[in-house]
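> First, the structure itself, so that you have it in front of you.
None of the figures in this text is laboratory data; all of them are computed from the coordinates on show. None of the values given here were measured: they were computed from a predicted structure. Methodologically, a virtual Cβ is constructed for each residue, glycine included, from the backbone with ideal geometry; neighbour enumeration extends over all protein chains shown.
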Amino acid sequence: MDRMSEKTFQMKLWLMAVLGSIALFVVTKYIWEEANNVLLLVYLLVGFLMNFFISKIRNLRA
């Protein structure tokens, strides 16, 4: 895999983490009106941790 496609993969991975966290937060806020805004931060941190581990596993295989 060349360097540009690796950067594209990383960008898509992080973009999906941010957009997925925001979408999950909106759904949670819709279902549970009293949801605290700190929950968005928790979702973002979980998404970034998942991306970190996916990136590490991908680098080990390369």
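> So, in segment 17-62, of the ones that are of a type in the set (S, T, N, Q) and assigned to a helix (DSSP H, G or I), which residue ends up surrounded by the most Cβ atoms within 10 Å (Cβ to Cβ)?
At the first step, the residues of segment 17-62 found to be of a type in the set (S, T, N, Q) are 21, 28, 36-37, 51, 55, 59.
When the remaining residues are screened for being assigned to a helix (DSSP H, G or I), the result is 21, 28, 51, 55, 59.
Numbers: SER21: 20, THR28: 14, ASN51: 16, SER55: 15, ASN59: 9.
Only one residue fits best here, namely SER21.
> If I filter segment 1-47 down to residues being touching a Phe, Trp or Tyr at 6+ places or on another chain (Cβ under 7 Å) and not hydroxyl-bearing (Ser, Thr, Tyr), which single residue comes out as nearest to ALA62 (Cα to Cα)? Before you say what the answer is, go through the steps one by one.
Restricting attention to segment 1-47, the residues satisfying the condition of being touching a Phe, Trp or Tyr at 6+ places or on another chain (Cβ under 7 Å) are 17, 21, 24-25, 39-40, 43.
Now restrict to residues that are not hydroxyl-bearing (Ser, Thr, Tyr): 17, 24-25, 39-40.
On the way: ALA17: 22, LEU24: 32, PHE25: 34, LEU39: 35, LEU40: 33 Å.
So, considering only residues that are touching a Phe, Trp or Tyr at 6+ places or on another chain (Cβ under 7 Å) and not hydroxyl-bearing (Ser, Thr, Tyr), the one nearest to ALA62 (Cα to Cα) is ALA17.
> Do any residues in segment 37-55 that are farther than 21 Å from LYS7 by Cα have Cβ atoms under 7 Å from those of residues that are in a helix (DSSP H, G or I) and of a type in the set (A, V, I, L, M, F, W, C), where the two are at least six apart or on different chains, and which pairs are they?
Within 7 Å, the pairs are LEU39/PHE25; LEU40/PHE25; TYR43/LEU24; TYR43/PHE25.
> Does segment 28-45 hold any residues that are over 27 Å from SER55 (Cα atoms) and either hydrophobic (A, V, I, L, M, F, W, C) or under 8 Å from the mean Cα position of the chain (by Cα) (or both), and which are they? If you could, list the steps in order and put the result at the bottom.
Taking segment 28-45 and keeping what is over 27 Å from SER55 (Cα atoms), we get 28-37.
Correct list: ILE31, TRP32, ALA35.
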